[in-house]
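For reference, the structure is listed below as C-alpha cells.
What follows is calculated from the coordinates using simple rules that are stated; it is not laboratory data. Small disclaimer: the values here were computed from a predicted structure and weren't measured. Glycine also receives a Cβ, built like all others from the backbone with ideal geometry; neighbour counts cover every protein chain displayed.
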Amino acid sequence: MTKPLNLGMIGYGFMGRAHTNAYKRVGDFFPELEYRPVLKAACARNADNIQAFADQWGYESIETDWRQLLARDDIDAVDICVPNNLHKEIAIAAAEAGKTILCEKPIAMNTAEGEEMCQAVEKAGVPNTVWYNYRRVPAVTLAKHLIDEGKLGRIFHYRANFLQDWTISEDLPQGGAALWRLDAAAAGSGVTGDLLAHCIDTAIWLNGSISDVGAMTETFIKERVHQETGQKQAVGIDDACAFLCHFENGSLGLFESTRYARGHKALYTFEINGEHASIKWDLHDLHRLEYFDHGDEGKLRGWRSIHVTDHGGEHPYMDKWWVPGLQIGYEHSFVHHVADFLKSLETGEPCSPTFRDALETQKVCDAVLSSASGRSWENVG
C-alpha cells in the first residue's frame, strides 16, 4: 500500500509548474515507490493567480501566506519555488515546523544564509534536497558512471558554459514577479547564481571539489527601470561571468555564462578531458553523450555519439520510459529527482544534492563574485 506525501507548493512560476508536473507523473512511471505525492495546497500572495494555478494543476486548496501553509497539520512537505531572497526564512521556518523540504536552486543569497539553512534542517532532522535537476538527465548520470568506473582515468580539464540571450534589450525592466532575476535584492547575483550554479553543481558532482577561482564579471546595461517603482535604477547583477579554477584532484576548470550570447536561448555544455578518454554533453541534444576513447583501434578512433535510451540498467532511468531508441526531455529530469527523493524517504538515505551539498556550490559562487570584484584569485570556502 502506498503512503501519501502531502505537498505544499510555494510559488507558481516556471519551476512551480516543472516540479508539479514531476509530482503528477512520478507515480505512473515509478509505480514501485512507497510514497505518492498529493497536491494538497499551493501558496502565493496573489489569491487570483494562485487559485488559477491550483485549478489548472489540481491542487486541493490554496493559501496566500506561507506561514499559514506551514501551520497546517495536513502538509508533510513544502517545495520552495520563490525568489532567492525568500529561501532562508521559509526554509528555516519549515524545518522548525518539521516539514520535509525541497528547495529551488541556488540554496540561498549567499553562503552565510545557506549555512543557517543547513543547520536548521540538520537540527530538525528533516529530509531535504535542492533542485539541481541536470544531475538526473540520463546522459549526465551516465557520464557520472563512466567517470566513477575510471573510464576517463586521471582528469585534466573540465570546461562548461551556459549561454542565453534574453536580457540584451535595454528596454527590459528589472524586478517584479517575472523579472526578479534581474534585481540583485531578490536574486543575489545574476548569471553566477542562476546559470553558473548549475554548471558548478554538475562539475562538483562529476569531478570533485573546487579549491580556488579567478573570475571576471560584467554588467553590460548599467541601469534599468524597476517594475515596482517605475524608476530607473542601477543594475546590481552580473550579466556575464567567466572564471578559471583548480579542482582538488589537480584538474583545471574553465566556466563561462552570459545572457548576452545572441542566438543562444539555453546552451549548456560541458566537456571533460581525461588521460584515457573524453566526454562532452550539450543540453540542446540532451539525450546524447559524446565519448572519445583513446584505447580504440587507431583506424576506428574518434568521437562517438551514445544515444542514451537503452533499457536493462545500462542507461540510467531509461527503462522507466519508452522503448529503446525513443528519447525523453528536460521535464523528465525533475521526475527522476522526485523519484529519487521519494525513494530516499523509504530508505532513510539522503537525496543529493542535500542542503549541505548545495552549500558547496554556493561557496564557489561567492568566491567567484568576490574574485571578480577584487580582481584576484580567491580560495573557496
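Observations on the structure shown:
- Shown for 284, 157: other C-beta atoms within 10 Å of each C-beta, ranked fewest to most, produce the order 284, 157.
- Normalised by 2.2 N^0.38 Å, where N is the number of residues, the C-alpha radius of gyration of segment 3-133 stands at 0.99.
- Relative exposure of 198, 276, judged by other C-beta atoms within 10 Å (fewest first): 276, 198
- Dipole of the chain [Lys/Arg +1, Asp/Glu -1 at C-beta], most positive-end residue of 281, 23, 114: 281
- By the Stokes-Einstein formula, at 1.002 mPa s and 20 °C, segment 178-243 with its Kirkwood radius over alpha-carbon pairs has D equal to 162 µm²/s.
- For segment 246-306, alpha-carbon Rg and Dmax in angstrom: 14.4, 42
- Part-to-part distance (alpha-carbon centres) for segment 113-128 and segment 229-293, which is given in Å: 29 Å
- Extension reserve of the residue 346-residue 304 stretch, reckoned as 0.36 nm per residue once the Cα distance is removed: 11.3 nm
- Set 24/88; 280/363; 40/265; 3/99; 88/232; 222/363 screened for pairs whose C-alpha atoms are more than 23 Å apart: 24/88; 280/363; 40/265; 88/232; 222/363
- The calculated Kirkwood hydrodynamic radius for segment 138-200 is 14.7 Å, given to one decimal from all distinct C-alpha pairs.
- The value of relative contact order for the chain, using C-alpha pairs under 8 Å at least six residues apart, is 20 percent.
- When only alpha carbons of the chain are considered, Rg and Dmax amount to 20.9, 67 Å.
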